[in-house]
Amino acid sequence: MQDKKVLIVGGGIDGVNAALEKAEAGAQVTIMEKFPTLGAERIPRDRLIQPDDAFVNPDLNKVRNHDSIQVLTYSKIKKVSRDNGKVTAHILKQSLRVDNSKCNDCKACIKVCPVNMFDDFDESLSFRTAVDYFNPATGEYNIFKEDMPVCQQACPVNLDIRTYVGQIADGKHLDSLATIRDRLPLPGSIGRVCPHPCETACNRQYIDEPISICFLKRYVADVELNKEIEPVYETPEKKLPEKIAIIGAGPAGLTCAYHLARQGYENITIYETLPVPGGYLWVGIPEYRLPKKLLQREVDLIANMGIEIQYNKRIGKDVSFEDLKKNNDAVFIGAGCHLGLKLRVPGEDEYEGKGIVDCVTFLRDQALGNPIDTKGKLIVIGGGNAAIDSARVGWRMGFDEVYILYRRTKKEMPANPWEIDAAEHEGVIIQYLAAPVEILGKDGRVSGMKCIKMELGEPDASGRRRPVPIEGSEYVIDAETIVPALSQAANLEFLGEDHGLDINRWNTFDIDEETGATNIQGVFAGGDVVTGPDIAIRAVAAGKKAAEGIHEYLRSK
Amino acid sequence: MCTGRVDPALVAKAFKKGIDGLMVVGCYFGDCHYITGNHQAKAKMDMTRKLFKFIGLNEDRLAFRQCSSGEASVFVELVSEFDQKILDIGPLGGDGDTVKAPEIFKKLEAAEAVLAGEKIRWIIGKRTPFLETGNMYGEVFTEHEFNRAIDMIIVEEMEVQEILARLKETARSVKDLANDLTIPPARVFRYISALKRKGMVALDTVAGQTPIFQIARQEV
Amino acid sequence: MPDKKEDIRIGVFLCHCGSNIAGYLDMEELEEFSRKLPHVTFVLRNLYTCSEGGINEIKKAIEEQNLNRVVVASCTPRTHEPLFRSSCGEAGLNPYLFEMVNIRDQCSWVHMKEQEAGTTKAKDLIRMGVAKAALLEPQEPIMSEVQRRALVLGGGIAGMTASLALANRGYEVVLIEKEESLGGMLNNLNKLSPTMTDAGALADEKIKAVTGHVNITVFTKAKVTEVRGFIGKYNVDIETESGVTTIDIGVIVVSTGGRAFVPEGLYGYDGKRVVTQLEMEKLLKDGLDTDIKNVVMIQCVGSRNEERPYCSRICCQTAVKNAMLIREQNPDSKVSILYRDMQMYGVENEEMFRDSKAKGVRYINYDPANPPQVEFDKVRVYHPLFGRDMDLPVDLVVLSTPVVSQEGAEEISQLLRVPIDENGFFLEGHVKLKPLDFATDGIFLCGSARFPANIRETVAQGLGAASRASIPLAKGSIVVEPIISVLADEDACRGCGLCVALCPYGALEVRTTEKGRKVHVIDVACKGCGVCAATCYQHALSINSFTDNQIEAQLEAFLD
């Protein structure tokens, strides 16, 4: 029995009794409770269990002073693992925010505390303050500090929204911008394109509508622009010598470089395949949503921190990945997802490049000014933002008619609703509940597409109702250009053979969530190349996290 | 002595005693004989004005103005202007205020208790640290947020003090209080249960199914 | 001491102030009125209460009438309160049982044309004064020792002068300089107007005197990181390359100076062909290139604009001086000064200005809305008398830039808890009455830290500040008025420290006592502003002679 160790989860009456029982039987007992005190949840003073009551009040002092009982209050189980018949529990012991040894239970703190919250012990019947006692018999106090406001929590980079919105309300626009730039170096660009998960979380929506957190970011960035203030992104005086290579000048790469430069690294080089910076922000997002001039300005601000951006440098062709790894102390891969997925219908391969253009290529050619034939009709297939962007861009380029084909209904469409509305408003014809069957061609070129009508069946794994074809409902749309905009994948060819990096079945990297580190020392990754196609702000978050990981790695080397 | 010495509770008391207007004149910011006392005074008077507005007193009856000791003409202008303003507003609890006499004096009594009370004094005292150096967690607040917090506390504290004032007269049920004060019963109940926790209100009797509350005899 | 309410005996003295008060207010009515006020047992009118006769009347009344409170209704406490206080003290009454009512400055002088209204207001004021007097309590003045050592911040000409003056009087001086060597701005100057003394020689002389002085300890490459305490008992951390030293200090002189504004981006400033006056000094010191034949100086560069609205006032004289020195070194050169207004205060400066015109320096007025244009080899300026643009050929353009506040002035202001103005210069206690003192006792200022000053003024200010700083050092102790914050209700205090954070003087601290954490008032540092008392949510703090119930009594008396 000597080595027997028991963990008791829960410090209520039963837990305490069990702990005593086990300890008396000779086991080493650890009792863990999520609240700051033993003896269960806070009991009102007038409802304290008295010795003569039907319930027996556990002897808390005996538990506290027992030699073989370890008490962990205000703790959480993080992880439980089993190995060779042994169970290991990782417990997070939180520290109290009140020094209870000095507290004399005067309740003055409760009287002055300005934070009123619903009392969760009372099923929210009454208010309590952020500072509160638990077991009145033991008088243990604690302050409940919420981690972050909901908006900040919802934001992948945890922008200090509370502060920057407040600063705008105070009229301190430039301070607000500085607050944003502390975490996000591209406020003007992200402020235009972000699908703002923060606003989805905003508590204000339950009163009227969410605060326009995203556009407020754009607003302060524009205030600076209109006042013609040229900011300088500061770097510290103390420089660090390590060489860092970053693959891809997209939001992840730029953010990573920005945060590294702010740590003092002065030998940072970004390798970019395209002749332009910004990655998908430049070649994926149309001019009407994000003016290139503005993006260029924000990239220049980052580049002016002493960061070198080498354009038209394709890793694996101009420089090999191996050389990059050899010549640098750390490498960050933020290559993004620039490979459009295929439709997998007959005729697709046959007319590849002869009327069939995937949406990544389509948008890129448009953004870079490459010639595109805009004769006749255009069909875009898909329901994401990329599909809407392709259609709206196509409409602007002068196609006669623009169709979007989507398998489900408008309700299920993943694109932002305001984008869908705008597309419809502009004259794009959206056909819901329709799917491609075959690509038709004539004289070696696309001439149209055979489609089939769908209806919604049972919900699938993603919770959306699965579209089922209606037999015999095939029809044909004439078209000269077809743009599949299903999804994008990462193109990892640049790594070459034998790169040794862990790649998962979605063809993206497996990384350490906390640091962005891959399985190879000194190689980090982040952004779409890890997550698959995702929103820009999450790539920014990944870039920031990787910058911290790289800094930690280089400093501990 | 500095304008920073002007205790908001004294201001409320002065109005309760029947003055019609009160002007606090301090130094210019950055030119204060007591360095930062005028900032404190401004914050306190701003807060008091908010409270007055909430209780239905014309907040223009209380003014914070600035002039230097060398500016006799400015001082004369300020005083004349304020004098005229108070003449225009008329006597306390008259047409110039949304709440009339004698109700206004009851409200002022509660307001005085709020301004002498712990919570609002604590938060207004914390204003400078909150806005400049941040709280214990290093979070610096914006003026906007701070003012919002003040607005909320004013409502709460006024309602709490009015409940306490009513309970001082006689023990009452939540329903009675809610009727008297036109505050939703649910909210009154929350205040009562919070006050119970703070040891300021206690259960008197239970009449039928209705608990009757009284003021706690001994405040902790 | 009678403390029961019925034992309070108040004497009211009404001063006619010649005709200053009696000429406008009905004194007889005031006398009658005062007699009827509660606790008033004696009323007397004097022609001048502050005259020897008047003072003796007060003393006599205290003795004969057994008065235990005295109210004088007269001119203003600013000038006469100390006199009346001490008179009460001489008659054996605690000086703080005296209350003064201002019926001249704030009443008779204001209401010269409204005798009736003025008299009514005087009645209000007297009634309020009497009501407060009844609640006054005796106080004892506070004494505190003074450490006989001065700290001088900044080793420029101001700091060195002040240090030498203090050291020569026998006090220990600790001189802090942030640079490697003493001298400050003096090291960069050439000749000093109007005597054309050599700046370098002056610097050498002063540095030698300072470093060789037995009473002066010099710390170079040093800065003050922490200042604790108050007048007489400062405790200062000084950080140097070799670590941190802690020294006890009695008084502090701030002489951190200023620095010349660098006009980046203005008038094509490049430091070579377009230079500042400060750089001009160096060019002259090294001997001017003989090729330089045409020089144009532009005044008010970067000053008297929206960003820096003030006139730096020493740049004009510097420009004129340098213009003449250029003409001296290169006699066939042409110097033009483009100015907005010439600030040539003082006899010598005016003389030098006239002299320069006689010696051929050209002056052209320009309009800030239409400033001169600096091009590669010429300056184009609109000549208001000719009514057209004119081109001046140039080999060298000299920009007169203002003196701006020293780097780190804000940091020092926070360390010492002394104010700076909107331009970053330190703010004196009173522009005329206390020009070299801060509002905080025991801290003094001089030189360009206060406002741009030339060397001569700086030396004078350095001597002046040293003289002011010598007063507490010579006395060895200070006496402070006891009208300060007190912890009236120790039990109520929770030691939360709210007041500590708000005190503008650092006069409060939380100490652990037998009763737990309690606030402690450092009485010497407290100025009695009362912010703490108005903030304390436990109403534990109060201000002597301005307690809540005294103010309340005045309020009630006003409404009676």
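The values are calculated or read from the model by the stated rules, or taken from the named source; none is laboratory data. All of these numbers come straight from a predicted model, not from anything done at the bench. Cβ sites come from the backbone with ideal geometry, for glycine too, and all protein chains shown count toward neighbours. SASA here: full protein model, heavy atoms, side chains in, ligands and nucleic acids out. Shrake-Rupley method; radii C 1.70, N 1.55, O 1.52, S 1.80 Å.
Please label the shape of chain C as rounded, prolate or oblate, based on the square roots a ≥ b ≥ c of the eigenvalues of the alpha-carbon gyration tensor (a/c under 1.5 means rounded; beyond that, a/b larger than b/c means prolate, else oblate).
It is prolate, given that a/c is not under 1.5 and a/b is the larger ratio.
Would you mind working out the accessible area per residue for chain C, using a 1.4 Å probe, and quoting it in Å²?
Dividing the accessible area of chain C by its residue count gives 45 Å².
Using only DSSP helix segments of four residues or longer, with each worth -39500 (n - 2.57), what per-residue ellipticity at 222 nm results for the protein assembly as shown after dividing by its residue count and rounding to 500?
-10500 deg cm²/dmol
Would you mind pulling out the separation of the Cα centroids of the range B:1-72 and the range C:484-521, in Å?
Cα centroid of the range B:1-72 versus Cα centroid of the range C:484-521: 25 Å apart.
Please tell me the relative contact order of the range B:1-144 in percent, rounded to the nearest whole number, where contacts are Cα pairs under 8 Å and at least six residues apart.
Normalised by residue count, the contact order of the range B:1-144 is 27 percent.
Using DSSP loop states and a limit of at most 10 other Cβ atoms within 10 Å to flag chymotrypsin sites (Phe, Trp or Tyr not before Pro), what is the longest stretch of chain C containing no flagged site?
C:1-375
Hey, can you list the residues from the range B:15-49 whose accessible area shrinks by 50 Å² or more with all protein chains present, relative to the chain by itself (probe 1.4 Å, no ligands or nucleic acids)?
Buried on complex formation: B:LYS17, B:TYR34, B:ILE35.
Any idea what the alpha-carbon Rg over 2.2 N^0.38 Å comes to for the range B:3-169?
1.09
Hey, got the dipole for the range B:17-144? About the Cα centre, +1 on K and R Cβ, -1 on D and E Cβ, debye to the nearest 20?
480
If you add up the charges near C:ALA150, with Lys and Arg at +1 and Asp and Glu at -1, over every other residue whose beta carbon is less than 13 angstrom from its beta carbon, what do you get?
Once all neighbours under 13 Å are counted, the net charge is +2.
Ranked from the most accessible area to the least, with a 1.4 Å probe and all protein chains present, what is the order of A:LEU38, A:LEU341, A:LEU125, A:LEU20?
I get A:LEU125, A:LEU341, A:LEU20, A:LEU38, largest accessible area first.
Below 8 Å between Cα atoms, with a sequence gap of 6+, how large is the relative contact order for chain C in percent?
Worked out over chain C, it gives 14 percent.
If the rule is a partner Cβ under 4.7 Å, which cysteines in chain B fail it?
B:CYS67
So for chain C, taking the charge dipole from beta-carbon charges (+1 Lys/Arg, -1 Asp/Glu), which of C:GLN139, C:ILE252, C:MET280 sits furthest toward the positive end?
Highest projection toward the positive end goes to C:MET280.
For the range C:117-223, which trypsin sites (Lys or Arg not before Pro) pass both filters: DSSP loop (anything but H, G, I, E, B) and at most 14 other C-beta atoms within 10 Å?
Passing both the DSSP loop test and the Cβ count: C:LYS221.
Give, as a single signed number, the net charge of other residues whose beta carbon lies under 11 Å from the beta carbon of A:ILE309, with Lys and Arg counted +1 and Asp and Glu -1.
Computed value for this residue: -2.
Which of rounded, prolate or oblate describes the range A:340-488 when judged by the alpha-carbon gyration tensor and an a/c cut-off of 1.5?
oblate
Given a 1.4 Å probe and every protein chain left where it sits, what share in percent of the accessible area of the protein assembly as shown is carbon and sulfur?
49
Give me the accessible area of A:ARG64, 1.4 Å probe, in Å² rounded to the nearest 10.
It works out to around 80 Å².
Quick one: buried accessible area between B and A, total over both chains, 1.4 angstrom probe, nearest 100 Å²?
2400
Against the longest principal axis of chain A, how steep is helix A:385-397, in degrees 0 to 90 to the nearest 10, with axes from Cα atoms?
Long axis of A:385-397 versus the principal axis of chain A: about 30 degrees.
Could you compute how much accessible area chains B and C hide from each other, both sides summed, with a 1.4 Å probe? Nearest 100 Å² is fine.
2600
In whole Å, how far is the Cα centre of the range A:89-103 from that of the range A:489-557?
When both Cα centres are located, 36 Å separates them.
Can you check what the Kirkwood hydrodynamic radius comes to for the range C:340-497, Cα pairs only, in Å to one decimal?
20.8
State the Cα centre-to-centre distance between the range A:324-347 and the range C:108-171 in whole Å.
Here the two parts' Cα centres lie 76 Å apart.
What ratio of Cα Rg to 2.2 N^0.38 Å holds for the range A:150-226?
In units of the 2.2 N^0.38 Å rule of thumb, it is 1.00.
Using only the Cα atoms of the protein assembly as shown, what semi-axes does the equivalent ellipsoid have when each is the square root of 5 times a gyration tensor eigenvalue? Give whole Å, largest first.
Whole-Å semi-axes of the equivalent ellipsoid: 65, 51, 33.
Nearest 20 debye, what's the magnitude of the dipole of the protein assembly as shown about its Cα centre given +1 on Lys and Arg Cβ and -1 on Asp and Glu Cβ?
With Lys and Arg at +1 and Asp and Glu at -1, about 1000 debye.
Add +1 for every Lys or Arg and -1 for every Asp or Glu among the other residues with Cβ under 15 Å from the Cβ of A:GLY171, and state the total.
-3
Hey, if you put +1 on the Cβ of every Lys and Arg and -1 on every Asp and Glu Cβ in chain B, which of B:PRO185, B:TYR137, B:GLN40 ends up farthest toward the positive end of that dipole?
B:PRO185
Given contacts defined as C-alpha pairs under 8 Å and at least six residues apart, what's the relative contact order of the range C:79-196, whole-number percent?
Across the range C:79-196, relative contact order equals 19 percent.
With every protein chain left in place and a probe of 1.4 Å, what is the accessible surface of A:LYS375, to the nearest 10 Å²?
140
Could you state the orientation-averaged shadow area of the convex hull built on the Cα atoms of the range C:423-471, in nm² to one decimal?
Averaged projected hull area, Cα only: 3.3 nm².
Please go through the range B:137-220 and write out the GluC sites (Glu not before Pro) that DSSP classes as loop and that have at most 15 other C-beta atoms within 10 Å.
B:GLU139, B:GLU219
Mind checking the log10 I(q)/I(0) for chain A at q = 0.10, 0.11 Å⁻¹? Debye, one equal scatterer per Cα, no solvent, two decimals.
Result of the Debye calculation: -1.00, -1.11.
Using the heavy atoms of the protein chains and a 1.4 angstrom probe, tell me the accessible area per residue for chain A in square angstrom.
Dividing the accessible area of chain A by its residue count gives 49 Å².
Could you state, as a whole-number percent, how many of the C-alpha pairs of the range B:1-95 are farther apart than 18 Å?
47
Where a ≥ b ≥ c are the square roots of the eigenvalues of the C-alpha gyration tensor, would you call the range A:367-441 rounded, which needs a/c under 1.5, or, failing that, prolate if a/b is larger than b/c, or oblate?
oblate
Quick one: helix A:13-24 against the long Cα principal axis of chain A, what's the angle to the nearest 10°, folded into 0 to 90?
Roughly 70 degrees, rounded to the nearest 10.
If you count only protein heavy atoms and use a 1.4 Å probe, how large is the accessible surface of B:GLU71, to the nearest 10 Å²?
Looks like 60 Å² after rounding.
Counting only protein chains, not ligands or nucleic acids, how are C:GLU514, A:GLU412, C:GLU348, A:GLU228 ordered by accessible area (probe 1.4 Å), most first?
These residues rank, largest area first, as C:GLU514, A:GLU228, C:GLU348, A:GLU412.
Just to confirm the number: angle between the C-alpha axis of helix C:199-211 and the first principal axis of chain C, 0 to 90 degrees, nearest 10?
Its long axis makes an angle of about 50 degrees.
Quick check: with the 1.4 Å probe, what order do A:LEU343, C:LEU385 take by accessible area, largest first?
Order by accessible area, largest first: C:LEU385, A:LEU343.
Give me the dipole magnitude in Debye, nearest 20, for the range C:1-117 about the Cα centre, with unit charges on the beta carbon: positive for Lys and Arg, negative for Asp and Glu.
That gives a dipole near 220 debye.
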